[in-house]
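Below: the structure, in structure tokens.
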Amino acid sequence: MRKLAVLFVLLLATGLSAAEGPIAIRAARMIDGRSDAVIAPALIVVEKNLIVSIGGAVPAGARVIDLGDATLLPGLIDTHVHILLQGDVTQDDYDRQIFRESMAYRALRASRAVRLALGHGFTAMRDLETEGAMYTDVDVKRAINEGVIPGPRMQVATRAMSVTGGYGPNGYSPEISYPRGVQLVDGVENARKAVREQIGNGADWIKVYADRSYFLLKDGSLSSIPTFSAEELKAIVDETHRLRKKVSSHAMARPGLENSIAAGVDTIEHGLSIPDDLLDKMKAQGIWYVPTLTALEYVAPGRAAEGRGIWGELPKFHRDTFARAVRRGVKIAFGTDAGAFPWEYNAAKEFTYMTRGGMTPMQAIRAATSMAAQLMDIADQSGTIETGKLADIVAVPGNPLQDITALERVNFVMKDGVVFRYGSDE
């Protein structure tokens, strides 16, 4: 608890803003998110909310932040989070939040989650559904944008979609009406209407659950039960694209993956068991893969212990798929499914899993910077350290190319030219 209290003070008490005059940030080195080269030494000058120069001399009158033996990087981007969830290992974890916490209370907890994420170096995030909290993510995004609370830049997917019988909570009397974690959508016309409704209420993305109920076939491969029909899923994608938004698909195994790829979704989330032929189709169609390795490694043991034995088998499929996706050149963006694990658990652990799975440290860093910015269509503003881009900058001690766990020890965070963190929480 002491670490959280110190971090809270660091976030609120820095008082450093480039709106009050230029700030020059010095460090031993810099990774800009674009090139393989490490720039050393590093100097970035920020005015207002923009990067105005890189290298050269410190301008007259600029305030200097000297971070010493640290590495500067673009602000980190997590493309799969759930700010309205605070841990989802067991069924009781989930049901307690859905049934016993008001939306107002969940919003308060979400405000803490985004503050913690910012302190860990994440200056942008994509939230992929509210899990029964309706359109609360839109309000949290607004509160961040209007300076009511500190947090990353947000894109939100609001309620997400599945079909009748395809999403929990489950196991309760059919005579009782209770909230669902998603919007249940059946039929092509209802699918189109649901897209319009969610976008009309502030959704930046549409999220679908393309499959459920994972099981092993006789040959040992992983399979699932698809949710939407091919026609329903295609209608969702067509309507979303017509309205100039994109579709994110939770798809774990071949049935959901085939339907998603055929419908033309923009991202595959989790993708625990993606056969090579489908990886090749994803690459050919430019579909992004957001693997969320951290969440599965975190939740699988607890879910298996709860009696859902298949979860004990899933990590081996996931690790294999990720390694093959890296080798085949599928576009991969950093995403963790934060919220499935508690927000105190640093989502930057994903870097370790990505490098264990075959990525180089530089590839993993790009997945969380320039690649993630491309997925979110914010690459013109974020994701790299370049003149004219937003001043979203973080620093870690030492060199993360030599020790990837350094990214779990962010000690400087600037977002939009404002320093939200400057110092250690140790």
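Each value in this text was obtained by applying a stated rule to the coordinates, not by laboratory testing. Please read these numbers as outputs of a predicted model, since none were measured by experiment. Heads up, the Cβs are rebuilt from the backbone with ideal geometry, glycines too, and the neighbour counts pull from every protein chain shown.
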ask   = Could you name the lysines in cross-link range of LYS218, using Cα to Cα under 16 Å and dropping any fewer than eight places away on the same chain?
value = none
query = In whole Hz, what ³J(HN,Hα) sequence does segment 90-95 give by Karplus (6.51, -1.76, 1.60; θ = phi - 60°), x for Gly and Pro?
reply = 9, 4, 5, 3, 5, 5
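Give me the net charge of ALA230's neighbourhood, meaning all other residues with Cβ under 13 Å from the Cβ of ALA230; Lys, Arg count +1, Asp, Glu -1. Write out the running numbers ahead of the final one.
On the way: positive: LYS234; negative: ASP211, GLU231, GLU232, ASP238, GLU258.
Local charge sum for ALA230: -4.
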request  = Stick to the Cα atoms of segment 310-369, pair each with every other, and give me the Kirkwood hydrodynamic radius in Å at one decimal.
outcome  = 12.3
inquiry  = At 222 nm, what value in deg cm²/dmol follows for the chain if DSSP H runs of at least 4 each add -39500 (n - 2.57) and the sum is divided by all its residues, to the nearest 500?
reply    = -10500 deg cm²/dmol
query = Taking the alpha-carbon centroid of each part, what is the distance from segment 390-424 to segment 196-267 in angstrom?
reply = 35
note = Taking Cα atoms, the helix 293-305 axis meets the longest principal axis of the chain at an angle in degrees (rounded to 10) of 40
message = To check you understand DSSP bridge types, tell me what percent of the beta bridges within the chain (both residues inside) are antiparallel, rounded to 5.
response = 45
note = Here segment 309-316 yields Karplus 3J(HN,Hα) values (6.51, -1.76, 1.60; θ = phi - 60°; whole Hz; Gly and Pro given as x) of x, 4, 5, x, 8, 5, x, 5
request  = Excluding residues fewer than 8 places away in the same chain, name every one of the aspartates and glutamates whose C-alpha is closer than 12 Å to that of LYS245.
outcome  = ASP204, ASP266, ASP377
remark   = Packing-ranked peptide list from 386-396, 314-324, highest mean Cβ count within 10 angstrom first, is 386-396, 314-324
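Most exposed first by the Cβ proxy, i.e. fewest other Cβ within 10 Å, how do GLU101, GLU175 rank?
Sorted ascending by nearby Cβ count, the order is GLU175, GLU101.
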Highest-fluctuation residue, ARG29, ARG159, ARG63 considered, GNM on the chain with Cα pairs under 10 Å = ARG63
request  = Lys and Arg at +1, Asp and Glu at -1: add these up for the other residues within a Cβ distance under 9 Å of ALA27 and post the number.
outcome  = 0
note = Under 17 Å by backbone N from the virtual spin label 7 Å along Cα-to-Cβ at ASP92, the residues of segment 293-324 are 301-308
ask   = Given that compact globular proteins tend to follow 2.2 N^0.38 Å, what is the ratio of the alpha-carbon Rg of the chain to that value?
value = 0.97
query = What's the center-to-center distance, using Cα atoms, between segment 56-120 and segment 351-381 in Å?
reply = 18
